[in-house]
Structures are given as structure tokens and as C-alpha cells.
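Rule-based calculations on the coordinates, nothing more; no lab input. None of the values given here were measured: they were computed from a predicted structure. Note that we place each Cβ from the backbone using ideal geometry, even for glycine, and neighbour counts take in every protein chain shown.
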2 protein chains.
Amino acid sequence: MPSLDRVPPGEIDTPVAVILAAGEGSRLRSGRSSVPKPLVRLRGLSIAERSVAQLLTAGVERFVIVLGCDAMLVRREFERVAKRRRCHISFVEATNWEKGNGCSVIAAAPLIGDSPFLLTMVDHLLAPGMIRDVLAEPPAEDEVALAVDHDAKNVFDLSDLTKVEVCEGRIVAIGKDLATWNAGDTGLFYCSSMLFEMLERAHKQGNFSLTDGVKECAAQGVVRAIDVTGKLWLDVDTPGAFQEATRRIDAAMAKGGEDGFISQYINRPLSRRLSVALSRTPLSPNHITLLSFFMGLLGAAGLATTAPWFWVAGGILIQIASIVDGCDGEIARIKLLQSPQGAWLDTVLDRYSDLAIGLAVTFAASQIHDAVWVWPAGFAATASFLMASYVTKEFQIRFHRPYPNNLVNKLKRRDLRILVIAVGAVMGQPLVALLVIGLLTHLAVFQILVSGWYATLLPSKVLTPSTKRG
Amino acid sequence: MPSLDRVPPGEIDTPVAVILAAGEGSRLRSGRSSVPKPLVRLRGLSIAERSVAQLLTAGVERFVIVLGCDAMLVRREFERVAKRRRCHISFVEATNWEKGNGCSVIAAAPLIGDSPFLLTMVDHLLAPGMIRDVLAEPPAEDEVALAVDHDAKNVFDLSDLTKVEVCEGRIVAIGKDLATWNAGDTGLFYCSSMLFEMLERAHKQGNFSLTDGVKECAAQGVVRAIDVTGKLWLDVDTPGAFQEATRRIDAAMAKGGEDGFISQYINRPLSRRLSVALSRTPLSPNHITLLSFFMGLLGAAGLATTAPWFWVAGGILIQIASIVDGCDGEIARIKLLQSPQGAWLDTVLDRYSDLAIGLAVTFAASQIHDAVWVWPAGFAATASFLMASYVTKEFQIRFHRPYPNNLVNKLKRRDLRILVIAVGAVMGQPLVALLVIGLLTHLAVFQILVSGWYATLLPSKVLTPSTKRG
């Protein structure tokens, strides 16, 4: 008996996602422990949580999980996921899941009704961007849409791939052993209830797989192909695919093109290793943000003394904090936990950390040197750090695009600034380091000010309501 | 002979605007000097420049001016406008403009070809927002669209209004003496070349006005009404209308809902008067920005001394600079000179000005008091000003909306901060004032940090590519 929790209407206009989690996962299991496949952890997240999280990230809010093998254990895991990720998950048990995954799909029918729905398998790694592409092309009333990849190079295991033949945007044939084919089935469907009808029809002929149902649909000419060539997707069903999944998740940890020199060559290589290690702990990205912030403050406290050995410790500590500062974002990307709140906390606390470090170095120098210029100079240098962050934000708002990550931008970034001060502190000259990097940062800010003044004036974009002057 | 400067193809997809500037403008002229109407100045801009500027602001880039009365003088003025506003203006002389303004429209035909075009009169004040609304509804191939206002309250001179009767979105009758009518002709058209044909037809029957041509179009049922009820539009053709135009331009000077307390009740009332006076000078908004910035620096120099009378002068100077700081935006709005560049310069220089003032006050205090806390305290207070500007920008970028102009926002605004320091300086206590407003600002920043943490989490908006964490 399926447990008929009703699927609530969504607040926003995204469909329900049906996730098939009924199978035995025997191929993966043989190579690993005996826990059910959805409970296997992949870089800190269970496969169950990852399957929900990637859909959540793409904007899907409501889920129907089809249970079968190890139903109790799998259900408990998804219930944990629903709580942690604050989403709505309904469950249904497929009594005859062993016959074929088509039976699992049919089990979800009573919970879905007539609305279009997404359909995928728990063990499929899908890039949120790919899911969004599919969401953008909802099926017509009696249509089934399937995301396909046209490049064989993107397929991890060709022999195991379900192949399709696409002709003028329609899928005309599907199966593992097609003689002619031109695309791969990624395992992400966007279906109307037509699919249930066709599965029933296949059923009557003794064919119980989802592919059999899709074949029936294709015979009617109602299967549309959605081209997602080049997007990340992977069927994690063998130990080899599991390793490949880990590799791809690690690759996605990197943030595209926004790093400075020091980040790129020193901080990131270290923080990535650290992030992989930390992803196994229950520490959230926000915990890491706070950890890095307080390490920075502790380092600043060391720099505020007049004891050179405390400077060495403080310098090392702020550089470690700067490395750890990269981990919050990385872990968020590994565990699909990105949020504007997390990014907000991270960037604002970084500003306070900069301020504390500049103040500490200046204070220590003022205790040693009795010169009138120490405070104004340290003050001005530290102010440059805030100005640098401010002008790039202001640039983005005024000119509707981020300030490019060019040389000037990299010179004013936090990674370089912290390293320079850390090295200066270790060498016994924190004030000199602060003043040098402050001067450099002021020059960068001035260059950004000038480049804003000459920013392209696209006539149609010159005046929109948000560009009013202060 | 019309001078056939070819209208170049536009880089972006906006139509050519035909501006009729051939008429005598006798009604306005009688009440004022004997200069041709397009040369009459209205709040610092000639009527000619204003007619081009309002279209430019809405995104129109190319203009055809129809000359007639005082052709040489009017042409020279528009040539100056083309140079100053960096836009392309072609000219054509209507030889028979005295017969009626329909003849002026026909004169533009050879320069237009088959493309749709905007049509208006030089003496019409049109809100850029209204022009944008019209641009959003281009005419079909054989159609003429006319912007109409359905509210008689928005009409300045009802007796002089060209009335229209709109029926199911079509204009079925037009004229000054209609018995039944339900809207007013705003004088802004978006036409296909159909209009030229119909004007020729009216011509043959001895009817030479634009309205006669539109009547012919209406008889064919091809005049669509674009509803712009409530947008600002005004036909500036009598001394009374001229005064009304001045009133409306002054009203548009105010910036909507972004001011703090001090701005609203002290700075703005003063800066508006100053802006009206300054709009008569050739000073550009950017000149005013720089003037205000250097006045602020000069004030800071006074505050950096240890002489109380210099503090009084410095305090008064920074408050005057703060008032003048409002004029750049006001003059930009009066003269339709808003630009993201101007806003950029203004906001970035304000940050440097804040920094200079905070540094000056702290420096002076450090010369008087021999206490170790003076510098750190002044430093931290001044940093709060930069943090306050930074967090609101960061908030806007992270959460895709401006931080609301609530109490917290108003407490951290520059108008209040400058007044508090100015009053403190005049009373001989600039450091106390700096520390008080710095503490208040830090509290406001903290409140903004917290409110960002609890900012609404619309599930579909949680993760877009731009919200990746740092």
C-alpha cells in the first residue's frame, strides 16, 4: 500500500520531482559496504541528499520519493534530508519494484495527478544548471521531454549508456543496444501524465522498465529531446562512476575566475584539500566562516602587541585564516549548501577582519614609534581596504556588471593584502607591509574610479531608474 | 530644398524621432522675448535641447528636426545640442510650414523611408518614462499610434487640448472641438509611413494640419491609442504653460524616497533653491560634485587644526558642502543630465570626504589629548562610515533589492553624520560628535548585517549564479 501523503501545491511555479530510489544498487554495493545505495556518502552528502539538493538548487521544492528495496532505511534518510534542507518530501512504496523501474514510476502516479513532473533516479548526479535548462522547457499536454547529450565524450560509461536517436527534436528510438543513435539519455525527464498511460501499456505486454514506457511514447511521436550537451551529468552506479563523481564534485569546488594571485597559487590548493577533509565533518560553511573570522581576530590580537614573537604567531594565524576563508565557499559548493546569507556573512565579516588587522598593526607601531605620522598613515592604509571592497560593489550596481577580475582587481584583493601583512609581521615589519599594501590598494581604487568614469556608455543603458545619481 | 543628410542606421533598436520645430510659437513669444521658441530657456535648457534630451533619456538616439520659421537660428541651436549631447541630428526645411504642421511632417518623409518613427513637437514636455512606454508599443505596418491621457485632471489647458475619442483601443475621432471625447492627445506619435500617405490625402483636400492627417488615418481605423494616463506631458505654448512647465521640472528635481532626515528637512529645501539658481549657470552636475568634494576637504583641513575658531569654520564648511552635495543630482534631473558616471563620481568622492573628515577630527584630538584611546576610537568611528556604505551595496548585490530606507538606514546616512560632526565642531567637541555618530553607525551596520542574515529566502531565488558565496 503506498502511503498517500498528498503533495502540497507549490508556492512557486516549479513542478514536483519524482526520484526513483527503489532499486537495489547492487553494482555499486558489491564494490563497497552493504548500506543501501541512497545512504552511501559522496563527499560528505548521502546520495539521497545530493539528489534532492541538486534539484532544490535548481528551484524545485517538492519531491516524491519512490521506495522499494530497503524502504525503511531509505525513507528515514530522506526524512532527515527533508528536515535539514527544509523541503517537502512525500513517499510512496512500489510493491513490485523488482520487476523493473517502470513499476516504480507507476507507483508515483496517484500522488502526481495531471500536473507535469520531473523524473530522475536517486543515483544521478545532475548539474543544477542542466536541471534549470530542462525546467525552462515544460512538456506539452501529451508530451514527454528527455534531456539528452549529443557528445559521446561526455559519457562516462558508453557501454552502459541508454542511447537515443533524435530526429528533428523528437526521440524516435531508445535503448541500450541501438544500432544507430546520436545522443545519450541523461536520465532526467520532464513528463506529462502521458508517461503513466504508456507505462501501463508496456506493462500489459510484459515490459516493465521505464525505457519500455518511453519506447511506447516514442512510437506515438510524443518524446521531445531537450539538448543539454556539455552540462554535467553522471549515472553513479559502479565503483568507477563513484570515483568519477568524486572527481567532478571536486572540480566544481573551484570558483570561476574570481580569485587573486595568492588565492590561485597558494590559498586555493591548500584550502581545497582542507575542504575535502572538512566536508566529512558536520561543520557547515557558516561555521567555517566564523572559524576563519575568529582566527583572524586572534591573529590581529597578536599583531597588536609589541612582542616580535607574537607578531610571527599573529602573521601565521592571519594567513591560515585567509586560507580557511576559502573553505566556506568550497564546502558550500561540494555540499550544495550555497546561500546568499552565507556569502553575505562571509564578505561582511572579511571587512571587519581587515579593519581589526589594520588597527592592530597601527596600534602596535604607535606604541613603538613616537612619530605623529604613524596613526594617520595606518588609518589611511586600512581605509583603502574598505574602499577597495566598496568601489567594486558600487561599480557593479552603477554599471550593471561586475568589475572585471583584471590585474588591478587582483592587486586589491584580500588574499594578497593578508599575505603581505603576514609576511611583514613574520619579518618584524608589519607597519611597513601595511603601508605598502595600503598604498597599492589606494592606487587600485583610484584606477577603478577612473575606469568607472570611462565605463562604456551604451546609449540605451545610460539611464534606467536605478542609475539616478545620489 | 530639404537638406538630405542621411539618417544613419541606429546601433540599437530605437526609432528615429521627428521633432517639429518649424512653427512660429507666436503665443509664447508674445509674452516673452523675441527669440524663436526653441531657443527660449526653460530651467537652464533651451526648449530645443530639452526636447532632444527627454528622448535621449528614453533611449532614442537619432533625430530629424523639421525647420521652418527662423530656420537658421533654430538649426544652429540644435547643432549645438547635437554636439553637447553627442547624438545624431539631421535637418530638413519645410518650405510650406506656414500652411500647417502637416506640411512639416511631410517634409521629413524623404529622410525616414519605411521605418517606423516617433513624432513630436519641439515645445512638448514629455516624461522619459512616458516615451519609454510608447517605445514599447511599436505600430504595425500600416498603423499610427498616439499616446493619450484619459484623465482630464492631467491636462493643463483643456480649451486648447486636441481631444480624441477612443473606442476599444482605437481612436475613432480627433479634433479640438469634439462633442464627445474620452482622452487627450499628448502630442507623441509612433507612426508607420502610413501617416505620410494620409497627410498627402488630406493635403489634396486642402487640409494641412497633422490632425487632418490623423483624421484620415482614423477614418481607416488604423490609429491605435497608447494609454499613458498619469505620465507627465505638457504643451508649452503659452506663458501660463511655461510657468507650469517650470513648476513640474522643479517638482521632478526631488529624488524619490531615498533621503535621510536631515536631507529631507534641512539640506533639500536649501539645495533645491540653490540648484534652481545654479541651473542658470553653465556648471555641470559633475562640477558641482567636485565643488562639494573640495569644500568638504577644506572643511576637514579646518577640523584638523587645534584652533576652536577653525573648528567652527570647518564645521560650517562641511555642512555647506553636504547641502551642495545634493545639488549635483538635482541639477542633473533639472537638465536631464543624469548619468551613471556622475552618480559614480559623487558616491565614491563622498566616501573619501567622510574619510578625510574622520581623520581630521581624530588627528586634532590626538594633538590635544594625550590618551592612547583617541586614535583607535576615531579610527573605528570613521571606519563605520565606510562600512555603512559598503554593507548596503553588498546587501543590494546579494539579495537583488536595495536595502529599504528605514530608520536604521536613515541613521547611518551621510546627511546626519555630517551634521552631527559639524554641530560638534561648532560647539568645540568634534571628537565626541565623531565617536557618538560612529557608534550609532556601527550599530546600524550590525543591524543591517543581521537583517541580511534573515532576509527572505524565496526558494526559487536562493541560488542564481551571481549569489555564489565568496
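Averaged over its residues, how many other protein chain Cβ atoms are within 10 Å of peptide B:383-391's Cβ atoms? Please report the intermediate quantities before stating the final value.
Details: counts 12, 1, 2, 9, 7, 0, 5, 10, 6.
Mean shielding count: 6.
Starting with the fewest neighbours, write out A:72, B:295, B:427 ranked by other beta-carbon atoms found within 10 Å of each beta-carbon. Can you show the working numbers first?
Details: A:72 10, B:295 20, B:427 14.
Listed from fewest to most nearby Cβ atoms, that is A:72, B:427, B:295.
Report the relative contact order of region A:16-248, percent, no decimals, based on alpha-carbon pairs under 8 angstrom and at least 6 residues apart.
On the way: 484 pairs, mean separation 56.0, N = 233.
The normalised contact order for region A:16-248 reaches 24 percent.
Taking 8 Å as the Cα distance limit and 6 or more residues as the minimum spacing, I'd like the relative contact order of chain A as a percentage.
Numbers: 828 pairs, mean separation 61.0, N = 470.
Relative contact order here is 13 percent.
Summing Lys, Arg as +1 and Asp, Glu as -1, what charge do residues with Cβ under 12 Å from the Cβ of residue B:55 carry, residue B:55 excluded? Can you show the working numbers first?
Values: positive: B:50, B:62, B:85, B:132; negative: B:49, B:61.
Neighbourhood net charge equals +2.
In the protein assembly as shown, if the dipole is taken from +1 on Lys/Arg beta carbons and -1 on Asp/Glu beta carbons about the Cα centre, which of A:329, B:134, A:152 is farthest to the positive end?
A:329
Treat every Asp and Glu Cβ in region A:172-319 as -1 and every Lys and Arg Cβ as +1, leave all other atoms uncharged, and give the resulting dipole magnitude about the Cα centre to the nearest 20 debye.
On the way: 13 positive and 13 negative charges, 91 e Å.
Around 440 debye, computed over region A:172-319.
For q = 0.10 Å⁻¹, what log10 I(q)/I(0) does chain A give under the Debye formula with an equal point scatterer on each alpha carbon and no solvent?
Listed by q, the Debye log ratios stand at -0.83.
Report, in deg cm²/dmol and to the nearest 500, the calculated mean residue ellipticity at 222 nm for chain A, where each DSSP H run with n ≥ 4 adds -39500 (n - 2.57) and the sum is divided by the residue count. The partial results should precede the final answer.
Details: 17 runs with 240 residues, N = 470.
The helix contribution divided over chain A gives -16500 deg cm²/dmol.
Which three semi-axes in whole Å describe the equivalent ellipsoid of region A:346-446, each the square root of 5 times a Cα gyration tensor eigenvalue, listed largest first? Walk me through the intermediate numbers first.
Values: eigenvalues 135, 33, 28 Å².
With the √(5λ) rule applied to region A:346-446, the semi-axes are 26, 13, 12 Å.
With unit charges on the beta carbon (Lys/Arg positive, Asp/Glu negative), name the residue among A:183, A:426, A:400 whose Cα is farthest towards the positive pole of the charge dipole of chain A.
Projecting each Cα onto the dipole axis, the largest value belongs to A:426.
Most exposed first by the Cβ proxy, i.e. fewest other Cβ within 10 Å, how do B:284, B:159 rank? Intermediate results must be reported in sequence, preceding the final value.
Values: B:284 15, B:159 6.
Ascending Cβ contact count within 10 Å gives the list B:159, B:284.
Separation of region B:258-276 and region A:239-295 by C-alpha centroid, Å?
About 50 Å separates the Cα centre of region B:258-276 from the one of region A:239-295.
Determine the shielding of peptide B:439-448 by partner chains: average, over its residues, the number of Cβ atoms on other chains within 10 angstrom of each Cβ.
Details: counts 0, 0, 0, 1, 0, 0, 3, 2, 0, 2.
That average works out to 1.
When a footprinting reagent is the concern and you count Cβ atoms within 10 Å, what order do B:180, A:238, A:281 take, fewest first? Walk me through the intermediate numbers first.
On the way: B:180 7, A:238 16, A:281 11.
Listed from fewest to most nearby Cβ atoms, that is B:180, A:281, A:238.
What does the charge count near residue A:163 come to, summing +1 for each Lys or Arg and -1 for each Asp or Glu among other residues with Cβ under 10 Å from its Cβ? Numbers along the way, then the final one.
Working: positive: A:176; negative: A:165, A:177, A:185.
Computed value for this residue: -2.
Given +1 on the Cβ of Lys and Arg, -1 on the Cβ of Asp and Glu, and no further charges, what dipole in debye does the protein assembly as shown carry about its Cα centre, rounded to the nearest 20?
Working: 96 positive and 92 negative charges, 601 e Å.
That gives a dipole near 2880 debye.
Please go through region B:75-127 and write out the trypsin sites (Lys or Arg not before Pro) that DSSP classes as loop and that have at most 12 other C-beta atoms within 10 Å.
Working: sites: B:75, B:76, B:80, B:83, B:84, B:85, B:86, B:99; in loops: B:86.
Answer by residue number: B:86.
Of B:209, B:358, A:40, whose Cα points farthest to the positive end of the dipole of the protein assembly as shown (charges on the beta-carbon: +1 Lys, Arg; -1 Asp, Glu; origin at the Cα centre)?
Sorting the options by dipole projection puts first B:358.
Given H placed on each backbone N at 1.01 Å, which residues far from residue A:18 in sequence or on other chains put an amide H within less than 5 Å of it?
A:64, A:118, A:119, A:120
Within chain B, which is the longest segment containing none of the chymotrypsin sites (Phe, Trp or Tyr not before Pro) that sit in a DSSP loop and have at most 11 other Cβ atoms within 10 Å?
Details: sites that count: B:373, B:454.
Counting only loop sites that pass the neighbour cut-off, the longest clear stretch is B:1-372.
If you line up the long axis of helix B:374-399 against the longest principal axis of chain B, both from Cα atoms, how many degrees apart are they, to the nearest 10?
Approximately 30 degrees, to the nearest ten.
Rounded, prolate or oblate, given the Cα gyration tensor of region A:254-467, with a/c below 1.5 counting as rounded?
On the way: a/c = 2.19, a/b = 1.15, b/c = 1.90.
It comes out oblate by the Cα gyration axes.
Can you classify region B:385-424 as rounded, prolate or oblate using the Cα gyration tensor, where a ≥ b ≥ c are the square roots of its eigenvalues, rounded means a/c under 1.5, and otherwise it's prolate if a/b beats b/c and oblate if not? Mind showing how you got there, number by number?
Values: a/c = 4.53, a/b = 2.25, b/c = 2.02.
Prolate shape, in that a/c is at least 1.5 and a/b is the bigger ratio.
Enter the angle in degrees (range 0 to 90, nearest 10) between the Cα long axis of helix B:210-219 and the first principal axis of the Cα atoms of chain B, meaning the one along which they spread out most.
With both axes taken from Cα atoms, the answer is about 70 degrees.
In whole Å, how far is the Cα centre of region B:139-180 from that of region A:347-405?
60 Å
To the nearest 0.05, how large is the calculated FRET efficiency for residue A:423 and residue B:281 if R₀ is 60 Å and r is the Cβ-Cβ distance? Write out the running numbers ahead of the final one.
Working: r = 53 Å, r/R0 = 0.89.
Calculated value: 0.65.
What does the C-alpha gyration tensor say about the overall shape of the protein assembly as shown? Classify as rounded when a/c is under 1.5, otherwise prolate if a/b is larger than b/c, or oblate.
Because a/c hits 1.5 or more and a/b fails to exceed b/c, the protein assembly as shown counts as oblate.
When the dipole is taken about the Cα centre of region B:255-467, and only Lys, Arg (+1) and Asp, Glu (-1) are charged at their Cβ, what size is it in debye, to the nearest 20?
Numbers: 17 positive and 11 negative charges, 131 e Å.
In total the dipole reaches around 620 debye.
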